[in-house]
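Below is one structure, written out as structure tokens; the observations come after it.
The values are calculated or read from the model by the stated rules, or taken from the named source; none is laboratory data. Worth saying up front: this structure is predicted, and the values here are computed from it rather than measured. Using ideal geometry, Cβ is built from the backbone for each residue, glycine included, and neighbour counts are taken over all protein chains shown.
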Amino acid sequence: MKIKLSVLLLAMFSFNVINAQMPEDVFRKPLKEVLTDVERRYDLKLLYSENLVKDLEVSYATWRYRMDPEETLANILLPLDLVYQKTADKTYQISRFSYYQRSPEEGRKHLDRLLSSYPGLQNWEARKAELRKCILEQLGLSPMPGKKPLNPIYTAKRKFDGYTVENVGIETIPGFWLCGSLYRPAKGKGPFPAVLSPHGHFSSKDLNENGRYRPEQQIRCAMLARMGAVVFSYEMFGYGESLLQIGPEDHRTSFSSSMQTYNSIRVLDFLTSLPYVDAGRIGVTGESGGGTQTFLLTALDDRVTVSVPVVMVSSYFQGGCACESGLPVHSCTDLMTNNVEIAAMASPRPLMLISDGQDWTAHNPEIEFPYLQKVYGLYGKEGNVENVHLPDEGHDYGVSKRMPMYDFMARHLGLDLKAVRDRQGNIDESKVTIEKYEALLVFGREGKQPAHALKGLDRIKEVFRSLK
């Protein structure tokens with residue numbers, strides 16, 4: 001009887017323990033309910049999507065409240081990987097945490113802290129050397145992979161009004177081809193200045209509107225060639241004809257960041273090897289993700305003499321693609337870094353930022369550009385850095401963004417703007433011929449590559465790493 005009673009009491013005790021409410025359960029509430037209460041208590045307006053808060057719960061919810069509303073929001077949101085940003089008086093936008101994005105005010109504070117660390121030119125030069133070493137290491141480019149012959153493959157040359165185009169594939173590592181189109185002035189023997197033209201993340205089912213095949217890309221390359229430059233328009237890793245060797249998903253990998261930077265360095269090798277190119281006059285310009293490639297290449301390779309990154313340079317946005325921010329480049333040194341400081345590594349070489357009002361470059365005039373002016377001021381070269389800001393425009397490389405780029409490149413590379421002006425003196429893009437996608441291919445419609453072409457990301461990584 002005593003044994004039965006003991007078993008019964010044990011069972012009842014176990015039942016009560018299992019069904020007892022623990023503190024974390026007592027104070028657990030749906031996030032939506034908590035946010036509604038926060039709005040009421042602190043007289044706030046919280047902006048968020050219903051999908052963002054759906055099915056999320058806050059443990060010890062009311063214990064997270066503090067006297068300060070922002071401290072309260074941080075306590076509630078951060079454990080859920082959510083963040084807030086003040087957008088107006090008593091108004092906050094709630095969003096998911098993005099490792100590559102901060103608030104503009106955080107960006108401003110970071111630049112101020114960085115600037116205070118190099119009060120003189122000697123400090124800044126030491127900082128540049130430190131950053132370059134770290135960035136190369138983080139990208140897997142230190143030591144730099146050994147450079148093998150580029151073995152360029154050329155297609156037939158097409159002649160247009162004031163310029164020619166031929167498609168070229170260069171073997172940046174044995175078995176991998178970087179494809180692009182080479183635009184050249186129709187007249188003259190050179191040596192001509194050269195411009196690298198990487199493209200951004202512009203994708204479309206219409207291949208004529210995709211990557212380097214976009215009309216905007218063709219126009220700027222042809223115009224620069226008509227002005228007297230040799231221009232190479234080349235594609236991202238995982239775009240265009242590189243899809244003959246890898247998949248589109250391979251673009252959004254950390255390795256893509258390494259490969260794209262190395263590809264740009266090899267494009268520099270290619271252009272400076274051409275007998276009709278002046279290796280002392282090299283420019284680079286690209287937009288969005290191509291803007292990242294622009295300022296990164298300029299920071300790492302002194303052969304670039306003029307740089308125009310378009311709609312990309314920001315102190316608080318590091319690039320939403322792993323091909324830009326997939327490696328811990330921005331964690332370099334105890335001070336860390338950001339894209340503006342990396343762009344500043346161009347100093348004292350000519351640098352123009354082109355920005356707009358509808359993306360992460362919206363604050364260039366009041367945050368990023370003043371910082372760059374101070375860095376260039378260390379050399380007494382404030383006139384070498386410029387910012388063209390278009391507050392009513394968005395994220396592209398449209399005609400209003402191309403016009404200041406033409407002028408800047410002409411001034412610093414010695415190009416002839418008169419060659420592209422109409423009778424009224426306006427820059428005229430109408431004489432450029434927009435070619436169809438197939439006309440710009442190196443390996444043609446069939447995509448037939450040499451027999452030793454590498455297939456698959458793993459094989460490309462293996463060969464890349466074997467070059468060290």
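Where residues in the stretch 258-276 are of a type in the set (Val, Ile, Thr) and surrounded by fewer than 21 Cβ atoms within 10 Å (Cβ to Cβ), which of them is farthest from the chain's Cα centre (by Cα)?
272
Mind listing just one residue for me: the one in the stretch 285-323 that is among the polar types (S, T, N, Q) and assigned to a loop (DSSP other than H, G, I, E, B) and, of those, nearest to residue 364 (Cα to Cα)?
Among those residues, the one meeting the criterion is 314.
Do we have any residue at all in the stretch 306-325 that's at pLDDT 95 or above, buried (at least 22 other Cβ atoms within 10 Å of the Cβ), of a type outside the set (Ser, Thr, Tyr) and over 24 Å from residue 194 (Cβ atoms)?
no
Could you tell me which of the residues 186, 194 is at negative phi and loosely packed, with under 14 Cβ neighbours inside 10 Å?
186
Among the residues of the stretch 223-232, are any modelled with pLDDT under 95 and surrounded by 24 or more Cβ atoms within 10 Å (Cβ to Cβ)?
Scanning the stretch 223-232, I find no residue that is modelled with pLDDT under 95 and surrounded by 24 or more Cβ atoms within 10 Å (Cβ to Cβ), so the answer is no.
Could you tell me which of the residues 133, 159 is within 19 Å of residue 440 (Cα to Cα) and either touching a His at 6+ places or on another chain (Cβ under 6 Å) or modelled with pLDDT of 95 or more (or both)?
Exactly one of 133, 159 is within 19 Å of residue 440 (Cα to Cα) and either touching a His at 6+ places or on another chain (Cβ under 6 Å) or modelled with pLDDT of 95 or more (or both), namely 159.
Before we move on, is residue 362 modelled with pLDDT of 95 or more, in a loop (DSSP other than H, G, I, E, B) and of a type in the set (A, V, I, L, M, F, W, C)?
Judged against the criteria, residue 362 is a match.
Among the candidates 116, 142, single out the residue that is in contact with a helix residue (DSSP H, G or I) (Cβ under 9 Å, 6 or more places away or on another chain), surrounded by fewer than 21 Cβ atoms within 10 Å (Cβ to Cβ) and either outside the structural domain of residue 218 (by TED's automatic domain parsing) or polar (S, T, N, Q) (or both).
142
Take the residues in the stretch 411-458 that are in contact (Cβ under 8 Å) with a residue 12 or more places away in the chain and farther than 28 Å from residue 221 by Cβ, then tell me which one is nearest to the chain's Cα centre (by Cα).
Restricting to residues being in contact (Cβ under 8 Å) with a residue 12 or more places away in the chain and farther than 28 Å from residue 221 by Cβ, the top hit is 457.
Can you pull out every residue in the stretch 199-221 that is in contact with an Asp or Glu (Cβ under 6 Å, 6 or more places away or on another chain) and either touching a residue at least 40 places away in the same chain (Cβ under 8 Å) or closer than 15 Å to residue 432 by Cβ (or both)?
Passing the criteria: 200, 212, 219.
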